[in-house]
Structure formats: structure tokens, C-alpha cells
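Heads up, the thing below is written out as C-alpha cells.
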Amino acid sequence: QVQLVESGGALVQPGGSLRLSCAVSGSTIRPYNMAWYRQVPGTQRELVARVSNVGYTTYVDSVKGRFTISRDNANNRMYLQMNNLKPEDMAVYYCNAVFGNSEYWGQGTQVTVSS
């Protein structure tokens with residue numbers, strides 16, 4: 001059973017930084033394409049950033065230059081470094097892993113950006 005557990009969400013002031021972590025158990029993440037999504041209540045889940053199994057990264061335009069996605073295959077973890085956070089970044093952030101027809105989600109971690 002593959003499980004994804006996010007951590008690192010918190011309350012932060014605008015302009016602040018957070019680092020989200022996604023710990024994966026039950027399988028090595030090496031073959032998986034990994035991603036971070038976010039969701040605001042009442043809206044659709046939005047892809048924030050993706051890192052492929054070979055390390056290729058993509059970002060939604062609104063976070064380019066501020067967020068950095070990375071993966072640590074040796075420790076079965078993925079990260080999202082978020083800098084210069086804005087109120088519009090406030091959401092529940094979800095970890096996602098895809099390999100072939102298999103797709104897994106974490107339970108989410110809340111990021112609140114407010115002064």
C-alpha cells in the first residue's frame with residue numbers, strides 16, 4: 001500500500017517562506033512522476049508544480065520564480081520550497097504520485113498566508 005504524507009504547512013505572513021515535505025512509504029518513488037497540487041474550498045484542485053521521474057520540473061505560471069520542487073529518491077521524499085508567499089497561495093497542498101495507471105494522493109497540508 002503506497003502512502004503519501006505531507007507536512008510543513010503553517011500560518012505565515014505575506015513574503016514569508018515555507019518548505020513542504022511529502023514522505024512516501026510502500027514503494028520507492030524512483031519511477032514515479034511526482035507533483036504538488038493545491039485546492040481552495042469551492043474550487044478545483046490546481047497543479048502547482050511537477051517533477052518527473054528523471055527530474056524535469058514544470059510550474060504553474062503564478063509560482064514561477066518563487067516555488068521550487070525537488071525530490072530525494074534515496075529518502076523517498078519530495079519537497080516544495082515556497083518563497084515570497086502571497087495571500088493567493090493560501091490553500092490545502094496535496095502531494096501526488098503517478099506511475100503508469102497507478103496514482104496516489106496524500107491527505108493534504110494547510111498553508112495559510114495572512115498578516
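The values are calculated or read from the model by the stated rules, or taken from the named source; none is laboratory data. Computed from a prediction, not measured in an experiment: that's the story for all the values here. Note: ideal-geometry Cβ built from the backbone for every residue, glycine included; neighbour counts use all protein chains shown. Surface accessibility is based on the protein's heavy atoms, side chains included, excluding ligands, DNA and RNA. Shrake-Rupley method; radii C 1.70, N 1.55, O 1.52, S 1.80 Å.
Please go through (1) β-branched (Val, Ile, Thr); (2) exposed (fewer than 12 other Cβ atoms within 10 Å of the Cβ); (3) in contact with a Leu (Cβ under 8 Å, 6 or more places away or on another chain) for Thr43 and return the number of the only condition it doesn't satisfy.
Condition not satisfied by Thr43: (3).
What pairs can you find where one residue is in region 15-41 and over 20 Å from Asn101 (Cβ atoms), the other is modelled with pLDDT under 95 and surrounded by 15 or more Cβ atoms within 10 Å (Cβ to Cβ), and their Cβ atoms are less than 6 Å apart, with a gap of 6+ or different chains?
Cβ pairs passing all conditions: none.
Given the conditions (1) loosely packed, with under 14 Cβ neighbours inside 10 Å; (2) not in a loop (DSSP other than H, G, I, E, B), report the number of the one that Ala35 does not fulfil.
Against the list (1) loosely packed, with under 14 Cβ neighbours inside 10 Å; (2) not in a loop (DSSP other than H, G, I, E, B), Ala35 comes up short only on (1).
Could you list, in sequence order, all residues of region 53-67 that are out of contact with any Phe, Trp or Tyr (no Cβ under 7 Å at 6 or more places or on another chain) and open to solvent by 20 Å² or more (accessible area, probe 1.4 Å)?
We begin by selecting, within region 53-67, every residue out of contact with any Phe, Trp or Tyr (no Cβ under 7 Å at 6 or more places or on another chain); these are 54-58, 60-66.
The answer is Val54, Gly55, Tyr56, Thr57, Thr58, Val60, Asp61, Ser62, Lys64, Gly65, Arg66.
So which residues in region 68-115 are in contact (Cβ under 8 Å) with a residue 60 or more places away in the chain, among the polar types (S, T, N, Q) and open to solvent by 50 Å² or more (accessible area, probe 1.4 Å), if there are any at all?
Selection gives Gln81, Asn83, Asn84, Gln107, Gln110, Ser114, Ser115.
From (1) more than 14 Å from the chain's Cα centre (by Cα); (2) modelled with pLDDT of 95 or more; (3) at positive phi, pick out the condition that doesn't hold for Gly8.
The number of the failed condition is (1).
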